[in-house]
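Scroll down for the structure; my scribbles are underneath it.
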Amino acid sequence: MSAAADWAEWLSRTRFAGMTDAEREEALHDLAATRDRVIDGAALRKGDAVLDLGAGTGLLTFGAHDRIGDGWVFAVDPSVSALEELLRVAHETNVPGVMYLVGDAEVIPLPDASVDVCMTRSVLMYVAELQRAVDELARVLKPGEGRLSCFEPINRKGTYIATTVDWSPLGGDLANCVAEEWEAHASTSQVMRLDDGDLARALGEAGFADVVVELDEVEELWTIDERSADMRLDAVGAAGQPSLRERWTTAFEPGQVDALVTYLHSLAGQTLTFRRPQAWITARRP
C-alpha cells in the first residue's frame, strides 16, 4: 500500500471516525483531489527534495513521498502536536524519508536554495505578511528548476450562511444586524484577507517566473435540515476562529440568537448554493 493510501486509511479511523460512510467517502475524495492537483502542479521527480509547508498531519507529505523515490520530504508546521502525529503515522506505516521541522511560512527553517519543490495547502491564507512568506518560499527553492505548487481558498470572494440565507422575514432590524456582524467579521478575519490578484503580484515581486494563478469556483449545494444546520453553526472554519454560533452569541442578545437559529431550522428542506472560490498556483524560481 502507498504512503498516501496508508494515511487515508489512518484518517478514516481517526479524524473522520464520527462521519457516516457517505460523508467520510466524500471528504476523503475531496482531500485526495486537492492533494493530487497540487502534486501534479509540482511536477515531482525521483530524488526531489520537497518542502511541505504547513504540513499538518501529512496530506501532501505522504502524497509527495509516493512520487519521489529516495528523495526527502521536509514537513514544516507551527504545530508540534500535528507534526508529532505526522511522524507517528509515518512510523506506523513504515514511511522513511520524512523529516519534520517546527516553523511557519514567514520563517522557514531551511537553508537557502535547499529544496527542489515547495508545496502548500491552505497556508498562505493565514500569513500576516504575504510578501515576506512568498520571499521565504523563493529563498529556499533552488534557482533554475525550483517549483512552487499551492492550493489556497479565496474566502473573501465566497458566500456563506450570513450572505445567502434570506433573513428578511425576521424583520429589518435583525436582518440588518446579521449583515453588519458579517461585514465586521469579514473585514477583520485573517482568513478572509487573501486575494488571488495580490498573491500573483507578490510572487512576481519575489522573483518567481511563469506564475499561473487559476481561480476556480466550486458550487456547494446544501439541503437544510436541523442536524446539518447545527453542524454549520458550530463549525470552525480555521484554527483560532470562532464558530458562527459563537460570533452571534457575542454580538447579539440571547433572544436574537434563538430567533436566528430557530429560523434557520425552519428552512429545512430548502436548498442553498454556496460559492467556494479557490486558487491553484504554480510558479518557477528562475
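The values are calculated or read from the model by the stated rules, or taken from the named source; none is laboratory data. Remember, it's a predicted structure, so these values are computed and weren't measured experimentally. A quick note on method: Cβ atoms are made from the backbone with ideal geometry, for glycine too, and the neighbour counts reach across all protein chains shown. Remember, those area values only see protein heavy atoms, side chains included, never the ligands or the DNA or RNA. Shrake-Rupley method; radii C 1.70, N 1.55, O 1.52, S 1.80 Å.
Structure above, values below:
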item	result
Sole residue being open to solvent by less than 70 Å² (accessible area, probe 1.4 Å), small (Gly, Ala, Ser) and without any contact (Cβ under 8 Å) to a residue 40 or more places away in the chain, chosen from Ala113, Ala128	Ala113
Any hit, region 53-62, residues being within 27 Å of Arg132 (Cβ to Cβ), in contact with a Pro (Cβ under 9 Å, 6 or more places away or on another chain) and crowded, with 19+ Cβ neighbours inside 10 Å	yes
Any chance Pro78 is at pLDDT 95 or above, touching a strand residue (DSSP E or B) at 6+ places or on another chain (Cβ under 7 Å) and either open to solvent by 40 Å² or more (accessible area, probe 1.4 Å) or of a type in the set (Lys, Arg) (or both)	no
Tally, over region 231-286, of residues that are more than 19 Å from the chain's Cα centre (by Cα), of a type in the set (Val, Ile, Thr) and outside any strand (DSSP E or B)	5
Top-ranked residue of region 63-75 - restricted to ones that are open to solvent by less than 20 Å² (accessible area, probe 1.4 Å) and hydrophobic (A, V, I, L, M, F, W, C), ranked as nearest to Ala238 (Cα to Cα)	Ala75
Single residue of region 38-92 satisfying the filter (part of a loop (DSSP other than H, G, I, E, B) and hydrophobic (A, V, I, L, M, F, W, C)) that is nearest to Glu106 (Cα to Cα)	Ala55
Close pairs (7 angstrom Cβ cut-off, 6 or more residues apart or separate chains): among the hydrophobic types (A, V, I, L, M, F, W, C) in region 262-286, open to solvent by 60 Å² or more (accessible area, probe 1.4 Å) and part of a helix (DSSP H, G or I) anywhere	Ala268/Glu226; Trp280/Arg37
Some residue of region 71-89 being in contact (Cβ under 8 Å) with a residue 12 or more places away in the chain and basic (Lys, Arg)	no
Filter result (of a type outside the set (A, V, I, L, M) and in a loop (DSSP other than H, G, I, E, B)) within region 93-123	Thr93, Asn94, Pro96, Gly97, Gly103, Glu106, Pro109, Pro111, Asp112, Ser114, Asp116, Ser122
Filter pass, Gly240 being touching a helix residue (DSSP H, G or I) at 6+ places or on another chain (Cβ under 9 Å), within 23 Å of Asp135 (Cβ to Cβ) and not hydrophobic (A, V, I, L, M, F, W, C)	no
Meets criteria (more than 30 Å from Arg45 (Cβ to Cβ), in a helix (DSSP H, G or I), free of Cβ contacts under 8 Å to residues at least 40 places away in the same chain and within 16 Å of the chain's Cα centre (by Cα)) for Arg227	no
Single residue of Asp216, Asp230 found to be open to solvent by 20 Å² or more (accessible area, probe 1.4 Å) and in contact with a helix residue (DSSP H, G or I) (Cβ under 9 Å, 6 or more places away or on another chain)	Asp230
